[in-house]
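Enquirer: What follows is a single structure, and I will ask about it in a moment.
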Amino acid sequence: MNAFFMQSKAEILRILRNPYYVFWSLAMPIVFYVIFTRVFNTGIDGQQEWQAHYLMSMTAFSVMGSAIMTLGIRLVEERAQGWSKFMKITPLTDTAYFFAKMVGQTVIHTFSIIVIFTAGAVINGVALTPAEWLMCGLWILAGSFPFLALGTLIGTMKKVDTAAGVSNVIYMLLAVCGGMWMPLETMPSFLQSIGIWLPSYNFGNGAWQIVQGNAPELANWLLLAGYLFLFVVLSNYVRRNQEAAV
Amino acid sequence: MNEIICLKDVTKTFKDKKAVDGVSFSIRQGEVAAILGPNGAGKTTTLSMMLGLLQPSSGTVKVLGENPNSRKVREKIGAMLQEVSVIDALTVKEVIQLFRSYYPEPLSFEELVNLSGLKEYELKKRAEKLSGGQKRRLSFALAMAGDPEVLFFDEPTVGMDIHSRKIFWQTVHLLKNRGKTIIFTTHYLQEADDTAERIILFHNGRLIEDGSPAEIKAKLTRKSVSFRKTEAINIKGLENLPHIQKVSVKGGRVHLETDDTDAVLSSLYKLNGFWKDIQVDSGRLEDAFEQLTEEKEAV
């Protein structure tokens, strides 16, 4: 148990010390938030609603990014550098190692959520009820699981450069097409019809619904659960094939 | 004495190539054994199977009587792999403490620092920023973290300077005196000869010799007596003398290869007259090692 605790702590420290995390998952979303709520889109109808909506977009954008990129690229790095192989000699089991990573990521996601929510409250005075803040936070935390699974799928790649490139493209496509940068309603209809099926849209939409006083839609739950299942199965399948090849 | 490691008819095939071919040996508690061989002999593959990192294609590998992958085994072994890899974004101290937490009875932090020779200022450095030598010291500390009974070192001194090498082997002696079982691979004959009580010689995936350095030396080295000839003599005739295995002429000197230089000398004295400037060469293990591996390659 001590080993698991120490491992989780180590994973948290490693992410916090990663400049990419600080830049992509904290600084970037907050800068975007300022640009799209203070510089552009000011003086529009439903200003407050937009500020709350876009705060959720950026928080979801941030958490999705660290789930896919931080986790995925790190997994590839650890394997490429022989660290994962070395860990196999220690008594720490693969399962404990994996779950320590998940715990570490979840703690980091909680931290990102708190930081970005606070930024929204400070910058625009976004005022939600305590229950709404909490529900949004929990939704984003739970909704990050399919993206963590996608991260482990990216983590099966062989080269760090490939993993970084591929995960960047996936991340940006998901963010843009899922309506995280610009609401889906402002996009051409063919993009909208694709967008509503993406995990990113369903991830964001749950939180967008909550800030409007609704509950996440059933489709959001179902699709995220489906993507989680799909990515877990795929990444297990790929990993098992790789292990069998040795 | 207890058998710590036991390999039976172990073969490992990668695609079509046999990296390890029908190897059997066992290592007893407290032994210091060197797996010696040229590059590509199958040393690292064998070690990886003992560590449970590779599964044998056929045959069995047991460590402490169990499958090398079992948790019980992992708690009692430590290893330094050939490619030293370090976790990033953690300081040396943090990595060592993390590794200590994996084991039921770890060595104290201070003792690990002492054993590995890590300096105070190095402990605060990020592991990925260490130099090659410092990384080696860290990986040694990590190998020792759980106070292991069995230690595996894969080509431990590659990339070390002479001073670090000396300190490393001194530490190995210290560990040996504490009763640890130590297995290391090397392609430096001298290291195997100086440190190991036993040499397991590999070539082309096969175990070709197994014994104490002295036994291996006796088997491998060719002693010889050489002299300058003063008159034309029948070289062929010398071949009939007792204990002579081979006669050759190099640069005006006649070389008599033998297993008993004393006997050859006494025969030569009896014959008397045609020789001058006799030299006895006890044979260098390096030459023998080279010869042996070359010979086997030629076969």
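The values are calculated or read from the model by the stated rules, or taken from the named source; none is laboratory data. All figures in this text were calculated on a predicted structure; none of them were measured in a lab. Every residue, glycine among them, receives a Cβ derived from its backbone with ideal geometry; neighbour counts consider all protein chains shown. Heavy atoms of the whole protein, side chains included, go into the accessibility calculation; ligands, DNA and RNA do not. Shrake-Rupley method; radii C 1.70, N 1.55, O 1.52, S 1.80 Å.
Enquirer: If one takes the longest principal axis of the Cα atoms in chain B, at what angle in degrees, from 0 to 90 and to the nearest 10, does the Cα axis of helix B:162-177 lie?
Expert: 80
Enquirer: As a test of reading the structure, rank A:TRP24, A:TRP221 by solvent-accessible area (1.4 Å probe, protein chains only), most first. Walk me through the numbers before you get to the answer.
Expert: Values: A:TRP24 70, A:TRP221 140 Å².
Largest accessible area first, the residues go A:TRP221, A:TRP24.
Enquirer: If you take the accessible area of A alone plus B alone and subtract the pair, what total do you get in square angstrom, rounded to 100, with a 1.4 Å probe?
Expert: On the way: alone 12530 and 15510 Å², together 25560 Å².
So the total buried area for this chain pair works out to about 2500 Å².
Enquirer: Relative contact order, percent, of the stretch B:222-282 when contacts are C-alpha pairs under 8 Å separated by at least 6 residues? Let's see the in-between values first.
Expert: On the way: 107 pairs, mean separation 30.7, N = 61.
So the answer I get is 50 percent.
Enquirer: Let me ask something additional. Convert each backbone phi in the stretch B:120-127 into a coupling constant with the Karplus relation 6.51 cos²θ - 1.76 cosθ + 1.60 (shift: θ = phi - 60°), then list the ³J(HN,Hα) values in order as whole Hz, x for Gly and Pro.
Expert: Using θ = phi - 60°, the values come out as 3, 5, 6, 5, 8, 6, 5, 4 Hz.
Enquirer: For the protein assembly as shown, give the share of DSSP beta bridges that are antiparallel, in percent and rounded to the nearest 5; count only bridges with both residues there. Don't jump to the answer; show the numbers that get you there.
Expert: Working: 37 of 55 bridges.
Of the beta bridges lying entirely in the protein assembly as shown, close to 65 percent run antiparallel.
Enquirer: Moving to a separate point now. Under a cut-off of 18 Å between alpha-carbon atoms, report the aspartates and glutamates in cross-link reach of B:LYS125, not counting same-chain residues fewer than 8 places apart.
Expert: Of all the aspartates and glutamates, those that pass the test against B:LYS125 - Cα under 18 Å, at least 8 places apart if same chain - are A:GLU11, B:ASP88, B:GLU94, B:GLU110.
Enquirer: For chain A, find the longest principal axis of its Cα atoms and tell me its angle to the long axis of helix A:218-245, 0 to 90°, nearest 10.
Expert: 20
Enquirer: Can you tell me the dipole magnitude for the protein assembly as shown around its Cα centre, using point charges on the Cβ only (Lys, Arg +1; Asp, Glu -1), in Debye to the nearest 20? Walk me through the intermediate numbers first.
Expert: On the way: 56 positive and 53 negative charges, 115 e Å.
So the dipole magnitude of the protein assembly as shown works out to roughly 560 debye.
Enquirer: Please compute the average number of Cβ atoms from other chains found within 10 Å of each residue's Cβ in peptide A:78-88.
Expert: That works out to 5 on average.
Enquirer: Taking B:LYS229 as the anchor, which lysines have their alpha carbon closer than 26 Å to its alpha carbon, excluding any fewer than eight residues away along the same chain?
Expert: Once the sequence-local lysines are set aside, what remains near B:LYS229 is B:LYS246, B:LYS250, B:LYS270, B:LYS276.
Enquirer: State, as an integer percentage, the relative contact order of the stretch B:1-68 based on alpha-carbon contacts under 8 Å between residues 6 or more apart. Intermediate results must be reported in sequence, preceding the final value.
Expert: Numbers: 118 pairs, mean separation 28.3, N = 68.
Once divided by the residue count of the stretch B:1-68, the mean separation gives 42 percent.
Enquirer: Leaving ligands, DNA and RNA out of it, report the carbon-plus-sulfur percent of the accessible area of the stretch B:138-290 at a 1.4 Å probe. Don't skip to the answer; put the middle values down first.
Expert: Working: 3580 of 7490 Å².
The computed percentage sits at 48.
Enquirer: Sticking with this structure for a sec: Could you tell me which of the pairs B:LYS8/B:LYS219; B:LYS93/B:LYS180; B:LYS62/B:LYS135; A:LYS159/B:LYS93; B:LYS93/B:LYS129 are separated by over 19 angstrom between their Cα atoms in the structure shown?
Expert: Working: B:LYS8/B:LYS219 24 Å; B:LYS93/B:LYS180 25 Å; B:LYS62/B:LYS135 30 Å; A:LYS159/B:LYS93 29 Å; B:LYS93/B:LYS129 13 Å.
Those over the limit are B:LYS8/B:LYS219; B:LYS93/B:LYS180; B:LYS62/B:LYS135; A:LYS159/B:LYS93.
Enquirer: Same structure, new question: Can you give me the relative contact order of chain B as a percent, contacts being Cα pairs under 8 Å and 6 or more apart? The partial results should precede the final answer.
Expert: On the way: 555 pairs, mean separation 58.3, N = 299.
Value for chain B: 19 percent.
Enquirer: Return one whole number: the accessible area per residue of chain B in Å², for a 1.4 Å probe. All intermediate terms of the calculation are to be shown ahead of the outcome.
Expert: Details: 14280 Å² over 299 residues.
Heavy-atom accessible area per residue stands at 48 Å².
Enquirer: How shielded is B:46-55 by partner chains, expressed as the average number of their Cβ atoms within 10 Å of its Cβ atoms? List each step's numbers first, then the result.
Expert: Numbers: counts 0, 0, 2, 0, 0, 4, 2, 5, 1, 2.
Shielding by partners across B:46-55 averages 2.
Enquirer: Specify the residue with the greatest mean-square fluctuation among B:ILE96, B:ILE27, B:ILE167, computed from a Gaussian network of chain B linking alpha-carbon atoms under 10 Å apart.
Expert: Most flexible of the set in this elastic network: B:ILE167.
Enquirer: Further question: Measuring with a 1.4 Å probe in the full set of protein chains, what accessible area per residue, in whole Å², belongs to chain A?
Expert: Numbers: 11280 Å² over 246 residues.
Accessible surface, normalised per residue, equals 46 Å².
Enquirer: Tell me the angle of helix B:261-271 to the major Cα principal axis of chain B, expressed in degrees between 0 and 90 and rounded to the nearest ten.
Expert: Compared with the principal axis, the helix lies near 10 degrees.
Enquirer: I'd like the antiparallel share, as a percent to the nearest 5, of DSSP beta bridges with both residues in the stretch B:3-218. Provide the component values of the computation, followed by the final result.
Expert: Values: 20 of 38 bridges.
Restricted to the stretch B:3-218, the bridges split so that about 55 percent are antiparallel.
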